[in-house]
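Some notes on the structure that comes next.
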Amino acid sequence: MSESAGPLAAATAATTPARRHLRELGRDGATMAAVAVVLLFALMALLAPWIAPQDPYRADFLRRLQPPAWIEGGSWAFPLGCDALGRDLLSRIVHGARVSMLIGLLVVVVATSVGVLAGLLAGYLRGWVDVVISRLVDILLGFPYLIFAIGLMAALGPGFLNMLVALVYKEWVLPCRVVRAETLAAREQDFVEAARALGASRRHIMLREILPNILSPVIVVATFRVAYVIIIEASLSFLGLGVQPPTASWGSMIADGRQFLLNAWWVSTFPGLAILALVLAINVASQGLRDVLDPRFAR
Amino acid sequence: MTALLAIEGLQTFFATPAGEIRAVDGIDLEVAAGECLGVVGESGSGKSMAFLSVMGLVRRPGRVVAGRILLQGEDILGLAPAARRGLRGRVIAMTMQDALTALNPALTVGEQVAETLEAHAADLPTGRAARRRAVRARVVEILGLVGLPDAGRRLGDYPHQFSGGMRQRIMIACALVCRPRILVADEPTTALDVTVQAQILDLIGDMRRELGMAVVLISHDLGVVAERCERVAVFYAGQVVETGAVRDILDRPAHPYTRGLLRSIPRLDDPGRRIEPIPGQLTPADARPGRCRFLSRCALAAPPCRADIALADLGRGHRVRCVRLRP
């Protein structure tokens, strides 16, 4: 038969889209390096209790503001030095990665789920559902992120769970906007009409027909936002509104060190570098991911 | 005999800033069980919109404003949306014009054919494993029936891995997996190579016999319809201008538009004949009431044409909407 599958179809049949994307990612050196850094931080967060050289909570006033190992007075048992309470900085940074990674991932996962659902509903159902959701999005976008989070944290009180709530409260807006716009385009596609003609329900069309087709931009936005949420978390913790002491968080560690900046620069600098490295790595990695998933933006 | 599908006085209008557009304006049609009805007309004549109205798929600003649609004797215009959804794909299924875009690029073909089945899960066994097996068996069966070679192994492939003809076959499988009583095939061959077109039309004919269903074949090609259908309805500007048995319409076309269509088809048995196009084109303004819709392009136009023209019966179900041409 003239229309049967040729050898080309047989050859491509073995590779799923996901596998092809992964292979493309592998060719990009900068992206791979960034992914490696992110994985390193993730591993660090995961294995913190086993790889941290010291107990991050054990204060020792004899080691107060002890400098890093390579400076006069430092020791390799405390490679990055100690803070004002004599706690090992490296161990606290390793443990602090848990807070940053967990908040970053949790907030983005929850917010993206909420945003995707809201965006699908607004974009597919239109009408009053769209009006309500879109106006809510507009209102939330009107507030500066950090101010909004500070206000919410002040109202809710500090703590891990409250921070999660405060960040999700605004974070869902962005994926919602992206999904709504993509849904508006996707709902006009022939395959949506075809599915309707064969009796597909609205829920089915939203979740099974449209969602798989708009997943790429959602994934890209979500990865970018992890970095942003990590910065917001650090900012809140810096202001004392985040996770509470003695839990180690990079933001609060920077805050702890700022009064000693002149004579013990390392207390603030190393957690700051940790934030810089992780956020930079996430951004570069998501840039690479975007180039693969969304060829329109390829460099 | 009650028809399987009867459309009575159907009107579907679109409210636009420029005024009301009468996309479908008073259609009466019947489809008997098992028969093949051809629906011909040019772009914008309302043939697709009439059947989208039957399916309940007209989108705003379009609206069915009047008429009755009787499916198996029941007026479905009054049904709740959920009840109408239950009919789509199960009792009456429609395939869309462009097979290349009507399949979801992000789902495997197996998933897409299974979707129709899942939407109407009435006769599937309960229990996950048994259900999955039953769905898979029926998907493989229907894909084999529509002529997809090696259907069992290709369930996990995506639409882009198939040729246009194969994709059209998969589309048809999606529509037929629940064994509907009527298949509305909207321009099933438009997006395909000429060599594949005949195969797809043959397939639709085979499926019709195999499953004992009625087929409404929407096409702008009178030749295709003449070859495959028993009856034809010619659409123009939202109305049926002529309807009847294929033989009657081909041998004794009674509407100037139908005659124009026949004269504009090249013929193998008379190669010296000139092809005469119909002058002018169909515009929304032609759908105004109070005059013959074909007035602006008709060589026979005369004062009596400036009135609403009723369908006149010429016998044997041959009906025409013209006051000038009377045998």
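For chain B, which span is the longest to avoid every loop-located (per DSSP) member of trypsin sites (Lys or Arg not before Pro) having at most 14 other Cβ atoms inside 10 Å? Please report the intermediate quantities before stating the final value.
On the way: sites that count: B:Arg59, B:Arg267, B:Arg273, B:Arg274, B:Arg306, B:Arg316.
Between exposed loop sites, the widest span is B:60-266.
Just the number please: accessible area per residue for chain B, 1.4 Å probe, all protein chains included, in Å². Present the calculation step by step, with values, prior to reporting the outcome.
Details: 14390 Å² over 327 residues.
Per-residue value: 44 Å².
Which semi-axes, in whole Å and largest first, does the equivalent ellipsoid of segment B:1-89 have when worked out from the alpha carbon gyration tensor as the square roots of 5 times its eigenvalues?
Values: eigenvalues 97, 53, 24 Å².
Listed largest to smallest, the semi-axes of segment B:1-89 are 22, 16, 11 Å.
Whenever you get a sec, line up A:Tyr228, B:Tyr257 from highest to lowest accessible area (probe 1.4 Å, protein heavy atoms).
Working: A:Tyr228 95, B:Tyr257 0 Å².
Ranking A:Tyr228, B:Tyr257 by accessible area, largest first, yields A:Tyr228, B:Tyr257.
On the full set of protein chains, 1.4 Å probe, figure out the accessible area of A:Tyr124 and give it in Å² to the nearest 10.
20 Å²
Please tell me the relative contact order of segment A:157-269 in percent, rounded to the nearest whole number, where contacts are Cα pairs under 8 Å and at least six residues apart. Before the final figure, lay out the partial values.
Values: 83 pairs, mean separation 30.0, N = 113.
About 27 percent, as a whole number.
Per Stokes-Einstein, at 25 °C and 0.890 mPa s, what whole-number D in µm² s⁻¹ belongs to chain A, with the Kirkwood radius over Cα pairs as the hydrodynamic radius? Walk me through the numbers before you get to the answer.
Numbers: Rh = 21.7 Å.
D = 113 µm²/s.
Which log10 I(q)/I(0) values, to two decimals, does segment A:15-61 give at q = 0.13, 0.23 Å⁻¹ under the Debye formula with one point per Cα?
Taken in order of the listed q values, log10 I(q)/I(0) reads -0.51, -0.85.
Enter the buried accessible area of the B/A pair, total of both sides, probe 1.4 Å, in Å² rounded to the nearest 100. Please list the in-between numbers first.
On the way: alone 15630 and 15870 Å², together 28870 Å².
Result for this pair: about 2600 Å² buried.
Rounded, prolate or oblate: which fits segment A:163-285 when a ≥ b ≥ c are the square roots of the eigenvalues of the alpha-carbon gyration tensor, with rounded for a/c under 1.5 and prolate only if a/b beats b/c? Show your work: numbers first, answer last.
Details: a/c = 5.09, a/b = 3.15, b/c = 1.62.
The shape class here is prolate.
What size of dipole, in debye to the nearest 20, comes out for the protein assembly as shown about its Cα centre when the only charges are +1 on Lys and Arg C-beta atoms and -1 on Asp and Glu C-beta atoms? Walk me through the numbers before you get to the answer.
Details: 68 positive and 55 negative charges, 129 e Å.
Magnitude of the dipole: close to 620 debye.
Relative contact order for chain B: what is it in percent, counting Cα pairs under 8 Å that are at least 6 residues apart? If you can, show how the numbers build up before the last one.
Values: 619 pairs, mean separation 68.1, N = 327.
Result for chain B is 21 percent.
Quick one: helix A:17-26 against the long Cα principal axis of chain A, what's the angle to the nearest 10°, folded into 0 to 90?
On a 0 to 90 degree scale, this one is about 40.
Compute the distribution of all C-alpha to C-alpha distances in the protein assembly as shown, in bins of 20 Å from 0, and list the percent of pairs in each, rounded to whole numbers.
16, 37, 26, 15, 6, 1
Rounded to whole Hz and in sequence order, give me ³J(HN,Hα) for segment B:42-58 from the Karplus expression 6.51 cos²θ - 1.76 cosθ + 1.60, θ = phi - 60°, writing x for Gly and Pro.
So the J values, rounded to whole Hz, are 7, 4, x, 7, x, 5, 5, 5, 4, 7, 5, 5, 4, 6, x, 10, 6.
Using the Kirkwood radius over Cα pairs, work out the Stokes-Einstein diffusion coefficient for chain B at 20 °C and 1.002 mPa s, in µm²/s as a whole number. Walk me through the intermediate numbers first.
Details: Rh = 20.9 Å.
My calculation gives 102 µm²/s for D.
Once fully extended, how much extra length lies between B:Ser43 and B:Val194, figured as 0.36 nm per residue of separation less the alpha-carbon to alpha-carbon distance? Don't skip to the end; give the middle numbers.
Values: separation 151, 0.36 × 151 = 54.36 nm, distance 1.98 nm.
Result: 52.4 nm gained on full extension.
At 1.4 Å probe size, with the rest of the protein present, what percent of the exposed accessible area of chain B is carbon and sulfur atoms? Walk me through the intermediate numbers first.
Details: 7500 of 14390 Å².
Taking all protein chains in place, chain B shows 52 percent carbon and sulfur surface.
Extending each Cα 7 Å along its Cβ direction at A:Met32 and B:Ser264, get the distance between those two points in nm, one decimal.
Each label point lies 7 Å from its Cα, and together they span 6.1 nm.
Pop the C-beta distance of A:Arg58 and A:Asp130 into the FRET formula with R0 = 35 Å and round what comes out to the nearest 0.05.
0.05
Per residue, how big is the convex hull around the C-alpha atoms of segment A:96-143? Give it to me in cubic angstrom, could you?
Spread over its residues, the Cα hull of segment A:96-143 gives 61 Å³ apiece.
Tell me the mean residue ellipticity at 222 nm calculated for chain A from its helices only (DSSP H runs of n ≥ 4, each -39500 (n - 2.57), averaged over every residue, nearest 500).
Details: 13 runs with 201 residues, N = 299.
After summing the helix terms and dividing by residue count, I get -22000 deg cm²/dmol.
With r as the distance between the Cβ atoms of B:Arg316 and B:Ala82 and R0 = 30 Å, compute the FRET efficiency 1/(1 + (r/R0)^6) and round to 0.05. Mind dumping the intermediate values first?
On the way: r = 41 Å, r/R0 = 1.37.
For R0 = 30 Å, the calculated efficiency reads 0.15.
Just want to confirm a number: the relative contact order over chain A, from Cα pairs under 8 angstrom separated by 6+ residues, in percent. Intermediate values should be presented prior to the final figure.
Values: 426 pairs, mean separation 68.5, N = 299.
In percent, rounded to a whole number, it is 23.
Identify which of B:Gly34, B:Gly86, B:Gly127 has the largest mean-square fluctuation in a Gaussian network model of chain B, with springs joining Cα atoms closer than 10 Å.
The residue with the greatest mean-square fluctuation here is B:Gly127.
Full extension from A:Glu72 to A:Leu156: what is 0.36 nm times the residue separation minus their Cα-Cα distance, to one decimal in nm? Don't jump to the answer; show the numbers that get you there.
Details: separation 84, 0.36 × 84 = 30.24 nm, distance 4.52 nm.
Going from the current span to full extension adds 25.7 nm.
Over chain A, with a Gaussian network built from C-alpha contacts below 10 Å, which listed residue (A:Ile230, A:Ile51, A:Ile139) shows the highest mean-square fluctuation?
A:Ile139
Give me the dipole magnitude in Debye, nearest 20, for chain B about the Cα centre, with unit charges on the beta carbon: positive for Lys and Arg, negative for Asp and Glu. Present the calculation step by step, with values, prior to reporting the outcome.
Numbers: 43 positive and 35 negative charges, 88 e Å.
That gives a dipole near 420 debye.
Longest exposed-loop-site-free stretch of chain A, with GluC sites (Glu not before Pro), DSSP loop and at most 13 other Cβ within 10 Å?
Values: sites that count: A:Glu72, A:Glu188.
Between the exposed loop sites, the longest stretch runs A:73-187.
Rounded to the nearest 10 degrees, what's the angle between the helix B:109-119 long axis and the longest principal axis of chain B, both from Cα atoms, 0 to 90?
Helix B:109-119 and the main axis of chain B meet at about 80 degrees.
Using Cα atoms only, what is the angle between the long axis of helix A:29-46 and the major principal axis of chain A, expressed in degrees (0 to 90) to the nearest 10?
On a 0 to 90 degree scale, this one is about 60.
Helix-only estimate, please: 222 nm mean residue ellipticity of chain B, summing -39500 (n - 2.57) across DSSP H runs of length 4 or more and dividing by its residues, to the nearest 500. If you can, show how the numbers build up before the last one.
Working: 9 runs with 97 residues, N = 327.
That comes out to -9000 deg cm²/dmol.
Just to be sure I understand: with springs between alpha-carbon atoms less than 10 Å apart, which residue in B:Asp75, B:Asp186, B:Asp123 has the highest mean-square fluctuation in the Gaussian network model of chain B?
The residue that fluctuates most here is B:Asp123.
With r as the distance between the Cβ atoms of A:Leu39 and A:Phe260 and R0 = 41 Å, compute the FRET efficiency 1/(1 + (r/R0)^6) and round to 0.05.
Plugging the Cβ-Cβ distance into 1/(1 + (r/R0)^6) gives 0.80.
So for the pair B:Asp251, A:Val109, with labels modelled 7 Å out along Cα→Cβ, what separation do we get in nm?
7.4 nm
If you project the alpha carbons of segment A:129-187 onto their three principal axes, what span does each projection cover, largest first, in Å?
42, 19, 18
For the protein assembly as shown, give the share of DSSP beta bridges that are antiparallel, in percent and rounded to the nearest 5; count only bridges with both residues there.
60 percent
The values are calculated or read from the model by the stated rules, or taken from the named source; none is laboratory data. Just so it is clear, the model here is predicted, and its values are computed rather than measured. Cβ atoms come from the backbone with ideal geometry, glycine included; neighbour counts cover every protein chain shown. We work out accessible area using only protein heavy atoms, side chains counted, and drop any ligands, DNA or RNA first. Shrake-Rupley method; radii C 1.70, N 1.55, O 1.52, S 1.80 Å.
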